[in-house]
Structures are given as C-alpha cells and as structure tokens.
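Below is one structure; the comments refer to it alone.
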Ligand SMILES: Nc1ncnc2c1ncn2[C@@H]1O[C@H](COP(=O)(O)OP(=O)(O)OP(=O)(O)O)[C@@H](O)[C@H]1O
Ligand SMILES: [Mg+2]
C-alpha cells in the first residue's frame, strides 16, 4: 500500500504548472475521478490518486489517514512523499493533532504555515525545525454524508498565497468526497462479494444434499446418508464394508467410492468370494506359481496385483474360508501377500472395499469369521437399506430404469397409475435389482405404450393383494432371475392396512375374465365356455369390470 508504484500516471509538474491554477484543479479532479472509478483495487487506486495530486497540483507530500477498525487509532494508510518510517510514526488518537481534529470534527483545516500552529505535532518528523520557509498544510475529511471515514492531507513547501491555499482546499475537499464515494462503493462491493460467497456455499451445500452420484438414484433420507458417506470416504484409502441385502446396490456403491477417490484412473477389480472353492479363491486373489497346485500349469497374476494402485472389491466377504481369511488379514495388516507356491512377500497398494449380506457379527460369535479380520474390514461400515424401507425411492428408480430401458430398446413405454401403485405396494425382496429386472421385462414385452397393472407379472399382482397369512390365491411365483426373493417367505407385510378381501377377489375375477375374453378373441360365447359361465353372466361381469372388446368401437 502507499508509494509502491503501479506505473500509473506520472505527469511532470513543470508541464502542469504553467497551466492556470483553476485548470490544473479541474484536470486533477477529473483525473482522480477517473482513477477511482476505473479499478476494483482500491489500495492501488488511492496510491495513484495521491501521486496524481502531487503531479497535477505540485504538492510535496500527500497522505490518506484512516482509523483502525479495532483500535480506532488513526494511521497513515496511503502516502506519497513520505518514507516508510515517517508513515509508521504517524499515528493519532481521535482529536489529537491536526489529523485527529479533522477526523473528530469532520471539518477541513487549511494552514498557510503549519509550523506556527501549536496543534501541529510533526509526528512524521519530516519537517525538522531546520527547514527554512513556511510549510502550508491542508487536512480535509474523507466523508460520506455526515460520517467521516478518514482524512486527506497535503503539504506544500514554500510560501503560498491565500488564494492558492483556498484553491488547494477546494480541490482537496472535492477529492476527499470522491475518495469517500470510492470507499463506500468498495465496502458495498465487498459486502456483496461476501454475500455472494455465502450464498454459493449455501447452494453447494444443498446441491451436495440432494445430488445423485452419477447414475445412482436415491431421494430417501437413508440413501442421501449413504451418498454423504460415499463422498466423505471416497478420497481416503480407508477400508469400507458395505452391508445390505441382495440387490440393494452394494457393488454400485463400491464403484462410486472408487470413482470418487484419487484412484479413479486405476483399476477397480471385483472378486466374488462366494463363487470359488478355497484353493481357487486364493489363487484368484494372490496368484500362483507354476505347479503350485494340481492344475496350476501356468504362472498367474492374482487379482490383488491386477488392482495395484486401485481398488479391490471383495464381494460376499462372509463366504471366505477361514484359512484364506488369515491371508487376507495379512494383506490388511502388512500390506503384503505371497503368491501360492512362493514364499516371497509382495507389497500391495490397493484400497479394499468389502461387501456382504451375511450376519458377520453372528459368524464371529460362531467362530466362522475371524474377529481380527472383522475389525480390520469394518473400519467404515455403510449400510444399504432394503428397498421396502425406502418406498420413496421406488418411483424415482422406476422412472430411471424406464428411461434407460426405453432408450436401450428403442421404445417409449410408461406405467399406468395402477401399475405404479402395485410397484409401491410390493415387497421387493430382491430390492433394486428385482425392480430393475421387472422394468426391463415390462419394456421389452410391452405391446402398448402403457403398461397396466394386469400386464405386470402375476407374482407382483398377487403379492400386492396377499394378506399377511398368505391364504388367498397362489403364493407368488418366484422370479427365475431372483433366487434371493424366492428364498424369502412371501412378504408378510405386503397388503396395506385393511386392504379388503373383496377387493382382492374382484381383481382376480377381473383378471380371469379378461384373460378368458382375450383368448376367446372377445367372443362372449367362447369366453363363457372357457369360464364355465353363461354368456349372460359374462356380459354382466364385463359391464361390472368396465371391460369391452377392443374390436368394438
Ligand atoms: N440406487 C440405485 N440407483 C440405480 N440403480 C441401482 C441402485 N441400486 C441398485 N441399482 C442397480 O441394481 C442392480 C443391483 O445392484 P448391485 O449389483 O450393486 O447390488 P448388490 O447389493 O451388489 O447385490 P448382490 O448382493 O445381489 O450382489 C444393479 O444393476 C444396479 O445398477
Ligand atoms: Mg453384488
């Protein structure tokens, strides 16, 4: 701040001096106004202003004083013609000296010879008594309205006439108010910038709260919490243990953690630990030497080596046999492993993300899972809630999959309202994967642009109507693609509170009727035969269920 130049305007006073004083005053004011309005760097603009006053009006020294916000001590903040030491010495309290007085009263002071003035303190000691001749001194307030923000001073060595002194005072008063405007503007801009910054932070916070990680959908509070956990753990190398039922998205979250960290450009290697017997699993993980075991005809790199620098995803970690658990523990503790058939430790740099649907705590208690390994893996546990516990995600997920499969299969299919109601009602024991499969099947099979409730698989329709006892109709047929849901008892909690039996039967009747009619080509007599009803009954029930032949207009 101060004299350090910016290579600004440097007028030769000799050139300006030959102008008439009024012209010089106007030129100086004009120049200062330009400087103060042309930059956002206030300190620099103030320095240039002072030098402009020197150049245009021939002042020997000029300065701007401002009170310290905390101590109220008035300091020389910007200066031209003073040394750094002189500036440092110029500090006043409110009311002290000429500067303090100007600050206190808000009125200008103009002295033809400051050294004759008793209140002049010569704090800068720039005016040693030895100096011959008078020293005119001007001190004007920097004001906004009635508020004094600071003081502008100017000195001139040598005799000045009253007229010239008045001219100087006039000019400085104008410059003082211009500086006041600039300070005010600057403060307002600063406040706006602060406000802008605050709003931006606020905005980023809400974005973070409601974001979706790439293609991962989840509006429920519980999924938002999962996303927040992903964001905070991703950048570290900490081991993460993902827990949750089948199809809840464990692998997808594991990939998101890998993607969100600093290892995104390194490999992500997934190993399903349940799929292989002990020896093969170990060779899969750590690799083997040729001849390490029967069938090991060639040397093989393990998945840990493949994942080097990246992430290894150990899926179904609960299924790892105890001897392999020991080796995995060693990787976690020492960050080294040995290939099968070798006893040379190989260092590894991989992030480990494990996942399981198993009750590891129970396994630890039962001795089938090592406790030490459990603690090593369970550094950061992330729980993926079952879909039935976050129903508000069902529709956004359905929409997400519809969009995707419509695109993939070149279709444009939507679900009817009652179909969506069924999806909301269903228990989704296969979680998101089951919903994903259902939507794909519906899109592929759809013959019309709208998929209605009756077009959905029977298992879903029946399940949604089944009371807790499961005594109506047939139990839901397990979906071939979803072994997990088949293993579960049919959704004990599926029917909404008090969904009446009649409604269920009505829906079954309608379905039966519609099925018969469509296979009978909507010929009532033929449908009646299929159903073992009279044609009159068929006609009556068609009316009751608002069914009519699509061939009839
Ligand atoms: N929140 C979600 N948003 C979008 N797609 C999801 C979401 N959750 C799961 N999926 C999709 O559901 C399917 C199952 O997810 P994933 O394979 O990650 O589950 P999982 O927990 O590993 O299941 P499993 O235990 O059966 O291996 C995947 O195709 C995945 O893309
Ligand atoms: Mg999985």
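Once the piece of chain linking residue 38 and residue 395 is laid out straight, how much longer is it, given 0.36 nm per residue of separation minus the C-alpha distance between them? Numbers along the way, then the final one.
Numbers: separation 357, 0.36 × 357 = 128.52 nm, distance 5.54 nm.
My answer for the length gained is 123.0 nm.
In square nanometres and to one decimal, what's the mean projected area of the convex hull around the Cα atoms of the range 28-83? List each step's numbers first, then the result.
Numbers: hull surface 17.3 nm².
For the range 28-83, the mean projected area of the Cα convex hull comes to 4.3 nm².
Over the chain, what is the percentage of antiparallel beta bridges among all DSSP beta bridges, to the nearest 5?
Details: 30 of 51 bridges.
That works out to approximately 60 percent antiparallel.
Could you work out the Kirkwood radius for the range 287-341, taking every pair of different alpha carbons, averaging 1/r and inverting it, reported in Å?
On the way: mean 1/r = 0.0808 Å⁻¹.
Computed over the range 287-341, the radius equals 12.4 Å.
Taking only Cα atoms, what is the 0 to 90° angle, nearest 10, from helix 501-519's long axis to the longest principal axis of the chain?
70
In whole Å, what is the distance between the alpha-carbon centres of the range 167-188 and the range 233-267?
That distance is 60 Å.
Report Rg (one decimal) and Dmax (nearest whole number) for the range 89-180, counting Cα atoms only, units Å.
Computed over the Cα atoms of the range 89-180, radius of gyration and Dmax are 12.9, 41 Å.
In nanometres, what is the gap between the two model label sites at residue 349 and residue 362, each 7 Å from Cα along Cα-to-Cβ?
Computed distance between label sites residue 349 and residue 362 equals 4.1 nm.
What whole-number distance in Å separates the alpha-carbon centres of the range 393-430 and the range 342-363?
If we compute the Cα centre of each part, the gap is 36 Å.
Looking at the range 265-399, what % of its DSSP beta bridges pair antiparallel, to the nearest 5? Walk me through the numbers on the way to the answer.
Numbers: 4 of 14 bridges.
So the antiparallel bridges in the range 265-399 amount to around 30 percent.
For a footprinting-style exposure proxy, rank 417, 123, 250, 187 by other Cβ within 10 Å, fewest first. Intermediate values should be presented prior to the final figure.
Values: 417 10, 123 16, 250 24, 187 13.
Lowest count first: 417, 187, 123, 250.
For the pair residue 237 and residue 177, what calculated FRET efficiency results from E = 1/(1 + (r/R0)^6), where r is the Cβ-Cβ distance and R0 = 60 Å, to the nearest 0.05? If you can, show how the numbers build up before the last one.
On the way: r = 61 Å, r/R0 = 1.01.
Result of the calculation: an efficiency of 0.50.
Bin all alpha-carbon pair distances of the range 375-467 at 10 Å intervals from 0 and give each bin's fraction as a whole percent.
Percent of Cα pairs in each bin: 16, 47, 24, 9, 5, 0.
For the range 235-382, what percent of Cα pairs sit more than 28 Å apart? Walk me through the intermediate numbers first.
Working: 1592 of 10878 pairs.
Result: 15 percent of Cα pairs exceed 28 Å.
Output the peptides 292-305, 236-249 sorted from most to least packed, where packing is the average of other Cβ atoms within 10 Å over each peptide's residues.
Details: 292-305: 15.0, 236-249: 20.6.
Ranking the peptides 292-305, 236-249 by packing returns 236-249, 292-305.
At a temperature of 37 °C and a viscosity of 0.692 mPa s, determine how fast the chain diffuses translationally according to Stokes-Einstein, using the Kirkwood radius over alpha-carbon pairs as Rh; express D in µm²/s, rounded to the nearest whole number. Don't skip to the answer; put the middle values down first.
Details: Rh = 32.1 Å.
Value of D from the Cα-based Kirkwood radius: 102 µm²/s.
Can you put 551, 94 in order of Cβ neighbours within 10 angstrom, beginning with the fewest? Spell out each step's value before the answer.
Numbers: 551 8, 94 12.
Listing 551, 94 from fewest to most nearby Cβ atoms yields 551, 94.
Give the residues of the range 175-197 whose amide nitrogen is closer than 18 Å to a point set 7 Å from the Cα of residue 147 in the direction of its Cβ.
It comes to 176-195, nothing else.
With axes computed from alpha carbons, what is the tilt in degrees of helix 21-38 against the longest principal axis of the chain, rounded to the nearest 10 within 0 to 90?
10
Calculate, for residue 534 and residue 403, the FRET efficiency according to 1/(1 + (r/R0)^6) with r their C-beta to C-beta distance and R0 60 Å; round to the nearest 0.05.
Details: r = 47 Å, r/R0 = 0.79.
For residue 534 and residue 403, the calculated efficiency is 0.80.
Coordinate-derived values only; no laboratory data. All values derive from a computational prediction rather than experimental measurement. No Cβ is skipped: glycine too gets one built from the backbone with ideal geometry, and neighbour counts run over all protein chains shown.
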